[in-house]
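I have placed the structure first, in the form of structure tokens, so that the comments after it can refer back to it.
The values are calculated or read from the model by the stated rules, or taken from the named source; none is laboratory data. Because the structure is a prediction, the values reported are computed rather than measured. Cβ coordinates were reconstructed from backbone atoms using ideal geometry, including for glycine residues, and neighbour counts include every protein chain displayed.
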Amino acid sequence: MKKEQVVNCQFSVWYPIFKKFTIKSSILPLPQNVIDYLLDDGTLVVPEGSISSQQTHNDSSSDSEADDDVQWSDDESTETVKAPEFPEFNAKVLEAINALGGRVFPKLNWSAPRDANWIALNSSLECQSLSDIFLLFKSSDFVTHDLTQPFIHCSDADSADPVISYELALRKWSELTPGGEFRCFVKEHKLIAISQRDYTQHYHHISKQEASISHSLQGFFRDHIQYKFLDDDYVLDVYRDSCGRVWLIDINPFGPVTDSLLFTWEELSSGSGLTASQAQDDMPQEEGPAFRYTTSEVTVQPSPCLSYRMPRDFVDLSTGEDAYKLIDFLKLTKRHQEAEESEGEA
């Protein structure tokens with residue numbers, strides 16, 4: 001994997017080429033002050049003017065409920081963190097969101113904040129405002145990787161890094177069934193392997209429709225993708241809907257920066273050890289890509305993004321999502337302080 005290949009896998013590079021075969025999207029340049037905000041390790045403060053009216057209503061309701069039971073400190077010495085302002089960028093984002101139906105899936109040049117969905121409402125990456133996007137981006141290691149070290153696994157590490165113009169990609173929100181997502185590995189313009197994208201679950205329809213799914217994905221690759229992308233080696237994320245139609249979701253570099261899922265990079269790089277299907281290892285293999293999927297409930301694995309999560313109660317406290325948990329926490333803290341004061345006086 002070379003730096004040029006990583007550059008070619010940027011969303012704004014491949015989207016114009018395959019626009020007809022993927023989800024409708026908008027691309028907005030990221031101003032430098034927004035990049036600085038995303039990389040700032042300070043307190044997470046949502047920019048002013050970026051909160052939706054629904055969020056404002058919910059926050060006001062929670063505040064009024066909390067005020068009924070808690071005596072807030074009147075100490076004016078507490079330092080207030082001023083929220084940053086991006087009025088022009090916010091206006092462009094809201095315009096793009098409205099043009100895409102009011103709900104979007106956000107990502108940067110390469111990555112979406114999939115590792116941060118635990119912090120979002122209903123654990124979803126659906127966004128309706130700039131504050132939704134910032135909350136996900138500021139909590140995502142994947143996004144930080146895009147901004148700080150996109151070329152970390154490249155073989156030509158000694159060469160100068162290409163200049164990157166960072167962008168926000170907003171994709172029209174689509175309800176995709178995880179069982180319809182697949183990752184396709186392409187080497188030297190040839191589709192060599194297909195993996196179930198969500199390998200943490202067993203989907204019965206995949207084993208029943210294995211031949212049909214493989215045929216659909218190969219046909220889509222041959223008719224719309226092969227020889228049209230800028231590189232010989234790359235990785236496709238595709239979606240096959242209930243009607244058997246295939247859509248392009250993403251293009252990733254062919255290398256360790258991309259999750260190899262049910263394969264290993266050693267297998268994919270050398271081409272050895274690849275079999276047409278996990279479910280048919282004892283049968284003669286036909287020509288075509290190796291196709292692997294989770295074959296039974298016994299082989300189900302935990303999600304690789306679990307390691308990025310925090311306890312639910314901690315999230316509720318830190319975001320103020322559950323006002324009653326915050327009230328209980330404050331009461332507990334107050335009782336603990338009063339107990340310490342009583343012990344000190346004794």
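One residue stands out among those in the range 171-199 that are in contact with a helix residue (DSSP H, G or I) (Cβ under 8 Å, 6 or more places away or on another chain) and under 29 Å from residue 124 (Cβ atoms): the one that is surrounded by the most Cβ atoms within 10 Å (Cβ to Cβ), which is 194. Just to be sure, is residue 29 over 30 Å from residue 246 (Cα atoms) and modelled with pLDDT of 60 or more? No; evaluated as a whole, the condition is false for this residue. Candidates in the range 152-170 are the residues that are within 21 Å of residue 15 (Cα to Cα) and surrounded by 14 or more Cβ atoms within 10 Å (Cβ to Cβ); of these, the one that is farthest from the chain's Cα centre (by Cα) is 164.
Go through the range 104-127 and count every residue that is of a type outside the set (Asp, Glu), surrounded by 18 or more Cβ atoms within 10 Å (Cβ to Cβ) and either at pLDDT 85 or above or not in a helix (DSSP H, G or I) (or both). Walk me through it before giving the result.
Start the filter on the range 104-127 by keeping residues that are of a type outside the set (Asp, Glu), which leaves 104-114, 116-125, 127.
Applying the additional criterion that residues be surrounded by 18 or more Cβ atoms within 10 Å (Cβ to Cβ) yields 104-113, 116-117, 119-120, 125, 127.
Now drop any that are not either at pLDDT 85 or above or not in a helix (DSSP H, G or I) (or both), which leaves 104-113, 116, 120, 125, 127.
The qualifying residues number 14.
Could you identify the single residue in 242, 207, 214 that is over 27 Å from residue 108 (Cβ atoms), polar (S, T, N, Q) and surrounded by fewer than 14 Cβ atoms within 10 Å (Cβ to Cβ)?
242
In the range 258-280, the residues that are of a type in the set (Gly, Ala, Ser) form Cβ pairs under 6 Å with partners that are modelled with pLDDT of 80 or more and part of a loop (DSSP other than H, G, I, E, B), at six or more places apart or across chains, as follows: 279/295. Every test in (1) in a strand (DSSP E or B); (2) modelled with pLDDT under 95 is passed by residue 243 save one, and that test is (1). Entry remark, the range 128-184: residues being in a helix (DSSP H, G or I) and over 16 Å from residue 113 (Cα atoms) number 3 in total.
Screening residue 269 with (1) assigned to a loop (DSSP other than H, G, I, E, B); (2) modelled with pLDDT under 95; (3) touching a strand residue (DSSP E or B) at 6+ places or on another chain (Cβ under 9 Å) gives one miss only, at (1).
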